[in-house]
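Taking it in order: structure first as C-alpha cells, then the write-up.
The values are calculated or read from the model by the stated rules, or taken from the named source; none is laboratory data. Fair warning: this is a prediction, and the values are worked out from it, not measured in the lab. Methodologically, a virtual Cβ is constructed for each residue, glycine included, from the backbone with ideal geometry; neighbour enumeration extends over all protein chains shown. Heads up: the accessible areas ignore ligands, DNA and RNA and are worked out on the full protein's heavy atoms, side chains in. Shrake-Rupley method; radii C 1.70, N 1.55, O 1.52, S 1.80 Å.
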Amino acid sequence: MALLRLHLHLSLPRPPLPARPHCAPPSPLSTSPWLWRSRLPAASSRRLLCSTHPASPLDASTAAPPSIVAGLLDYLNESWTHFHATAEAKRQLLDAGFKLLSESDDWDLQPGGRYFFTRNMSCFVAFAIGEKYRVGNGFNIIAAHTDSPCLKLKPRSATFKSGHQMVNVQTYGSGLWHTWFDRDLTLAGRVILKAADGSFKHKLVKLTRPLIRVPTLAIHLNRTVNSDGFKPNLETHLVPLLATKNEEATMNSDDKSSSSTKAAHHPLLLQILSEEIGCESDEIIGMELNVCDTQPSCLGGGNNEFIYSGRLDNLASCYCALRSLIDSSKAAEQLSSEKAIRMVAMFDNEEVGSDSMQGAGAPTMFQAMRRIVDSVMHQSMGEGALERAIHSSFLVSADMAHALHPNYPDKHEECHRPELQKGLVIKHNANQRYATSAVTAFLFKEIARIHNLPVQEFVVRNDMGCGSTIGPILASGVGIRTVDCGIPQLSMHSIREMCGKEDVDTTYRHFKAFFEMFSDIDRKLNVDF
C-alpha cells in the first residue's frame, strides 16, 4: 500500500501579527500549510520513510542563523518508533560522511575521522575525532534517549471481545494513558522475516493509515466521569479495536495452542503487514510493534511558535544533538584544531529504567570510549590513558524539562519556573536525581554567556517527587562530569506534547557551541589541585 506522510511546505510569509511579549516575529516557517505527499518509490530514492526537506535558509536580511525546526519536524514524522529514530539518524550520518562501524569488527580509527555504530537499531553512538587529539585528552559528549512512553503489542496480540477483533497491548513507560483514547492509531516497528534460503532479516515497517482505535465509553453510560474522573483499567479498557469479528479469521483450537506467529496475531493484521512489507504472511516469524498516533508533527499556536507532536520527549533532544555534531564537524577545518573527541550517545529504554543491553545502564558508551582511545593511540597509550581521558571528559545529559504550566503554576518551585521560548533548562537536585553540580552548571552556562544564549534553571518543589535521567546513571557508571539539561515542554508523556520552536533553535546553537569551544573553556578551570 502507498505510504503517505506529512511534509512541511514553506510558503510566502503573511504580514506579521502584532508583536507580543517574549514572542519572536513570524518566520517563513510560521505560515506553512500542511500537504500530503506520497512516498517516493524505493528505486528512485536512497531514503525509506524519510523526507528530503532542507533546513530553513538563512535570511539575508538578518544576522540570525538558520533554523533547524523544519528538519526536526521531518525527523519526528519519520521517527514513529525508537527503531525509526535510529534508522533516520543513521541515514543522516551516512549522508554527512560518517563511517559506519560494527561493534563486532576491529576498529581502525584516525584523527580527523568521523564514525558511528548502532546497537539493536534502537541505540547509536557517533563521534568525530579531533586532529590534535593526544593521550589523556577528553570526550565532549551529549547523551539522550530514543524511546518514549507508548503502547506495545503483546507477544500474543490476537483477542476477541464482543464480536470484535481486538489487539492486546502492554504499557511501556509512564504514559498519560487517557490521552491515547479516541485517537487515530496505527502500528510501526520492526519485523523478523525468514527468507527462502533459510536466512533471517529484520525490516522496519510503518503503517501510516489509521488502523486501530481505543474508544471511550459514552457519557450516557458513564454519567459520573466528569465529576469522578476518567479512571480506565489499563488491562481491560485500554485494548485497541482492529475490526469487527470475521468468522473466517477466528482461530481454531489447534492455532490457539500453537506458538506460531499466525496463531499469536490476527490473520488480518499479518495480511496488512505483509502487504506493506512486500512479503508473504508466512515469512513473518517475529515482530516488535509500537502503537503510534497518525497525526503528524506540526507547528501551531496563534503565532505558529509551538511544535505539536508526539515523542518530543526525547527525540527533540536527539535531533538537536545529532545536528550539532554533524554541523560542527562537516568540514575538515572544523576538526583541525580540536584536541578532544566530540560524541553523541543516544540510548534506548530510558523510560523504563535504562537497564538493558541498549540502555544507558549498559557499558556501551564506556566500551566505545575505551576502544576509541585504544585504536587512535595504538602503542603510545601510556599509563592510565582511558582513565585520564574520562577525567578530562564532560557529558551533557539532554532530556526534556517541565515548563511552567499556566493553569497549574503552584506545581513549580517559586524561584525556578522555566518558561517556553526562554531557553534551555539546567536541572538541579540535591539528592542526585540530576547529575548537575555547581562546576558543571557553570561550565555549561559559560558557553551560553559567550554566545548570548538564554539559560533557565529548574529545581523541583521539596514536597514533590523528582524524576531522573540517564545523567546520574552515566555519571556514576563512567565517572564523568555531567550536567543535566532539557528543552522546556508541556504535556510531557502525553500522546501529543508541545514545546517552543525558539527553544529548539536555542538548544541546537548551545549544543553546537559546546562541541566547538568547550575544550578551550575547560582548560581555564581546575578544581582538583
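Of note:
- With semi-axes defined as the square roots of five times the eigenvalues of the C-alpha gyration tensor, the equivalent ellipsoid of the stretch 344-387 measures 28, 9, 6 Å, largest first.
- Three-way shape label, the stretch 138-198, alpha-carbon gyration tensor, a/c 1.5: oblate
- The fraction of Cα-Cα pairs per 5 angstrom bin, counted from 0 for the stretch 170-235, comes to 3, 12, 16, 17, 14, 11, 8, 6, 5, 3, 2, 1, 0 percent, rounded to whole percents.
- Global geometry of the stretch 406-501, whether rounded, prolate or oblate, following the gyration tensor of its Cα atoms and the 1.5 cut on a/c: oblate
- Extension gain, residue 529 to residue 331, is 67.6 nm, computed as 0.36 nm per intervening residue step minus the present C-alpha separation.
- Summing charges over all other residues whose Cβ lies under 9 Å from the Cβ of residue 128, with Lys and Arg as +1 and Asp and Glu as -1, gives +1.
- Residue 190 contributes an accessible area of around 40 Å² to the protein surface, as traced by a 1.4 Å probe with all chains present.
- Taking every alpha-carbon pair in the stretch 456-526 and binning the separations at 10 Å intervals from zero gives 14, 33, 39, 13, 1 percent.
- Each Cα pair under 8 Å and six or more residues apart adds its separation to the average, and for the stretch 188-244 the resulting relative contact order is 29 percent.
- Summary of the geometry: the stretch 136-165 and the stretch 312-369, compared by the centres of their Cα atoms, lie 19 Å apart.
- Contact order, relative form, for the stretch 300-436: 15 percent (alpha carbon pairs under 8 Å, 6 or more residues apart, mean separation divided by residue count).
- Near residue 107, once Lys and Arg are set to +1 and Asp and Glu to -1 for all other residues with Cβ below 15 Å from its Cβ, the sum equals 0.
- Principal axis dimensions, the stretch 256-367 - Cα atoms, whole angstrom, descending: 63, 48, 31
- Calculated diffusion of the stretch 289-424, Stokes-Einstein form, Kirkwood radius summed over Cα pairs, 10 °C and 1.306 mPa s, µm²/s: 84 µm²/s
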